[in-house]
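One structure is given below, encoded as structure tokens.
The values are calculated or read from the model by the stated rules, or taken from the named source; none is laboratory data. Just so it is clear, the structure is predicted and the values come from calculations on it, not from any experiment. Cβ placement follows ideal geometry from the backbone for every residue including glycine, while neighbour counts extend to all protein chains displayed. Areas reflect the complete protein model, heavy atoms only, side chains present, ligands, DNA and RNA absent. Shrake-Rupley method; radii C 1.70, N 1.55, O 1.52, S 1.80 Å.
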Amino acid sequence: MASSTSLAKRLLLGRPFRSDRLQHTLLPKRIALPVFASDALSSVAYAPDEILLTLSIAGAGAFFYSPWITLAVAIVMVTVVASYRQNVHAYPSGGGDYEVATVNLGPRFGVAVASALLVDYILTVAVSVSAGVSNLGSVVPFVAEHKIGIALAAIAVLTALNLRGLRESGTAFAVPTYLFIVVMLGMIATGLVRVFILGQDLRAPSADIVIDAETHHLTSFAFVFLLLRTFSSGCAALTGVEAISNGVPAFKPPKSKNAATTLMLLGGLAIVMLFGIIMLARATHLQYVEDPLVQIVGGPPNYVQKTVTAQLGETVFGSGSILLYVVGAVTALILFLAANTAFNGFPVLGSILAQDRYLPRQLHTRGDRLAFSNGIIFLAVAAMVLIVSFEAEVTRLIQLYIVGVFVSFTLSQAGMIRHWNRLLRTQRDPGARRRMMRSRAINTFGMALTGAVLIVVLITKFLLGAWIAIVAMLVIYAGMLGIRKHYVRIAQELEPSDERPVLPSRNHAVVLVSKVHKPTLRAVAYAQATRPDTLTAVTVNVDDKDTRTIQAEWERRQIPVPLTVVDSPYREITRPIIDFVKSVRRGSPRDVVTVFIPEYVVGRWWENLLHNQSALRIKTRLLFEPGVMVTSVPWQLQSSQDRDLDRLDRDLSRAPARGPRTRPSGVPAGTPAADPPEEPK
């Protein structure tokens, strides 16, 4: 009978997969598009909101600039997509920006890119889920009242789906993503036809509100700064593009071609929907402000501002229409599922970084469903912390956003330029040289444009919260370098020399005695069986009466091992034993001391709290003593006999196996295959 924990795990995650089923998780383009592109596609649900609410600071007249801001964002989108199409062909192994920067710019730049991407993946989950809650709350008031709890529940569901494995999550997300595309394009087409072809006067619910403009406070320079800030907020639409380059190994062959095609589809759909929503918002006179209570003049005191997509759905399909609720539902759903881009990209990148010894090796291991379970769980927890800290407010979270992704964009394109320069130095075929020079030109333009956007983002968003993301990147960057330094130092320390190991001169055995009972007698017998050079039993005198009882019983049983009594005037146990062990070895540095510790084996977790505490403290302290070996001699109590050992074996067999190391999907070819050294047991 399986335990309740194991049963719940199997119900949520399914049965374990054999390692040889890994190839069956490869995705066709129709599934890869929703898996890797849902973040960029779903950004059309909150990027227009950010564009309009930032412009609203200058009043309703500033909405005139929204199409031009969108055009600038679209130009950046086209450039980034074209640049990453070169990346997936040149580096199909799945390292993405990290691999490109590491190979061409050096490990430090690779770590900088990785730290930026890790932060951005966490923010992707937090922003997408928070935006989903906001959109759903626009049509369902209950959601708006409990947005933090619902956001946390959504992340928990996403985590469970991804822990089931890549194919399962891809199938689960395909239908909602395509439904969102159909609904959004249908709403945009219907609205534009009604306005520009049928000549109907559609007015959004917010068309008649009066905005208190700050134009009398804005200088020309301040207005330009506002436009740049609006542009930087709109560039949130580009997040998630890099996920495809990280996930190339998950595509079915031909991997690079399918990934490049998916990138092109992603860019085209995102631009069409983003432009369509902004144009429809302008046509319906939609207004969206940052702070309704302050900016709206003469508005109702209980005014609740709905999101842009919710207002457009109500305008096009009518208040109370079934299609309005469909728009709200699919928009919220795609935003929840957009976090799946990070759930697919973060664990793979974490596995690669663990392989390169920049992160703990636990992130490298696949779970029993062939997903990188530890990375998925870490991402979910980090995103939950952000949502609770920022109260699931999209506008507050968006200020931290996109800094990391444009850092990785810029460094990746710089790395690609060096990649093409290196190949051009040895390539002599004219046709191949033309293709390389064309790719280099695309990456050069991409680097210049994304670098300029990065500067704009840093200038306009730094004081609004971007500094938090920058600090997080610096902390992660320093942490990864520290982890790498630690692993390298340990590997060097444990590297065997050419000299043959020196055998110990003598082995001194010490048996710890607390009482004369069966566990102690077994420990003494086992110590005798190892045939040490010297053997002594040691007890600590913390109570004279108990010590005399032990001595009397020792003599009565005529145990052929001398019993040494160590005084402890302050009733301490650990320190006297440590001092005694040190004194035994002090005579010769080549001698070793083996300490035998009797221990109880119990069957219930709470029994561990009642036994073995002194033994645990002594063992922990002895591990730090050079030349000292610690041997536990178990004694199984009756409760341990009732333990279901078959079930225990099954549970232990589900743990990650320790065996020959292989690279995960997406690990760069030049990555060392050796494991980080194990800690001494």
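Quick notes on this one:
- Checked against the criteria, Val183 does not count as of a type in the set (A, V, I, L, M), assigned to a helix (DSSP H, G or I) and within 26 Å of the chain's Cα centre (by Cα).
- Flag if Val516 is among the hydrophobic types (A, V, I, L, M, F, W, C), open to solvent by less than 100 Å² (accessible area, probe 1.4 Å) and either outside any helix (DSSP H, G or I) or touching a Phe, Trp or Tyr at 6+ places or on another chain (Cβ under 9 Å) (or both): yes
- Remark: Arg418 falls outside the filter, which requires a residue to be surrounded by fewer than 24 Cβ atoms within 10 Å (Cβ to Cβ), at pLDDT below 90 and assigned to a helix (DSSP H, G or I).
- Members of segment 554-586 that are outside any loop (DSSP other than H, G, I, E, B), β-branched (Val, Ile, Thr) and more than 49 Å from the chain's Cα centre (by Cα): Thr564, Val565, Val566, Val584
- The residue that is nearest to Tyr65 (Cα to Cα), among those in segment 232-263 that are open to solvent by 10 Å² or more (accessible area, probe 1.4 Å) and at pLDDT 80 or above, is Thr261.
- Only a single criterion out of (1) within 20 Å of Ile597 (Cβ to Cβ); (2) not in a helix (DSSP H, G or I) is not satisfied by Leu521, namely (2).
- Matching entry among Ala382, Ala392 (being closer than 24 Å to Val475 by Cα and buried (at least 24 other Cβ atoms within 10 Å of the Cβ)): Ala392
- The listed residue being under 18 Å from the mean Cα position of the chain (by Cα), open to solvent by 10 Å² or more (accessible area, probe 1.4 Å) and among the acidic types (Asp, Glu), out of Asp356, Asp429: Asp356
- Applying the condition of being assigned to a helix (DSSP H, G or I) and among the aliphatic types (A, V, I, L, M) to segment 395-409 and asking which residue is surrounded by the most Cβ atoms within 10 Å (Cβ to Cβ) yields Val405.
- Any chance Val388 is closer than 23 Å to Ser233 by Cα and either of a type in the set (Asp, Glu) or in contact with a Leu (Cβ under 7 Å, 6 or more places away or on another chain) (or both): no
- Checked against (1) more than 15 Å from Asp39 (Cβ to Cβ); (2) surrounded by fewer than 22 Cβ atoms within 10 Å (Cβ to Cβ); (3) modelled with pLDDT of 90 or more, Ile181 passes all but a single condition, namely (1).
- Verdict on Leu335 being among the aliphatic types (A, V, I, L, M) and either at pLDDT below 75 or over 24 Å from Lys485 (Cα atoms) (or both): yes
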